[in-house]
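This report concerns only the one structure given below.
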Amino acid sequence: MPAPTILVDADACPVKDEIYRVAWRHEVAVKVVSNSRLRVPEHPLIERVVVSDGFDAADDWIAEAADAQSVVVTADILLADRALKAGASVLGPNGKPFTMASIGPAIATRAIMADLRAGGDQIGGPPPFTKADRSQFLQALDSALVRLKRG
């Protein structure tokens, strides 16, 4: 069975340091995917993947690389949907898992919010990222990797 891999939608990811710590503890490879060169630790388990700055280039790369042995970390609902369809486990940076049961309603809500914004409605963004979100993420990533390793 191939080893688990963590695929990170890195451009706006607030939990990269947490991902590295969990990956080192579990000895799992991490691919940090972005449109521009980001600083990543010099470590054999960490690979920086810089894609073109084309629209959705990072998402496309991650969706193509995702499989049943991947944990994808993203806040992007459409990428989460693509990764789930590829068989990956998907976590938001707040630690909430995207699942086949939750992704449909998330996509519908995203579409409604986009319509409201397009209509000129002033709607707030996501809530501020908290210490509790960071803690929940660490626990969720650890659990996802344990599940993958057990098969």
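The values are calculated or read from the model by the stated rules, or taken from the named source; none is laboratory data. Being a predicted model, the structure only gives us computed values, none of them experimental. Quick reminder, even Gly has a Cβ in these numbers, built from the backbone with ideal geometry, and neighbours come from all protein chains shown.
Number of residues in region 68-91 that are out of contact with any Lys or Arg (no Cβ under 8 Å at 6 or more places or on another chain), in contact (Cβ under 8 Å) with a residue 40 or more places away in the chain and not hydrophobic (A, V, I, L, M, F, W, C) equals 4.
Of all the criteria given as (1) in a loop (DSSP other than H, G, I, E, B); (2) more than 18 Å from Val32 (Cα to Cα); (3) touching a Leu at 6+ places or on another chain (Cβ under 9 Å); (4) touching a residue at least 40 places away in the same chain (Cβ under 8 Å), the one not satisfied by Ile123 is (4). Filtered by the rule that a residue be closer than 19 Å to Asp60 by Cα and at pLDDT 90 or above, region 94-119 gives a lone residue, Phe98.
All of Val49, Val32, Val22 fail the test of being buried (at least 19 other Cβ atoms within 10 Å of the Cβ) and out of contact with any Leu (no Cβ under 6 Å at 6 or more places or on another chain), apart from Val32. Look at (1) at pLDDT 95 or above; (2) within 30 Å of Ala114 (Cα to Cα) and you find that Asp56 fails only one, number (1).
None of Leu148, Leu138, Leu116 is part of a helix (DSSP H, G or I) and farther than 30 Å from Asp67 by Cα except Leu116.
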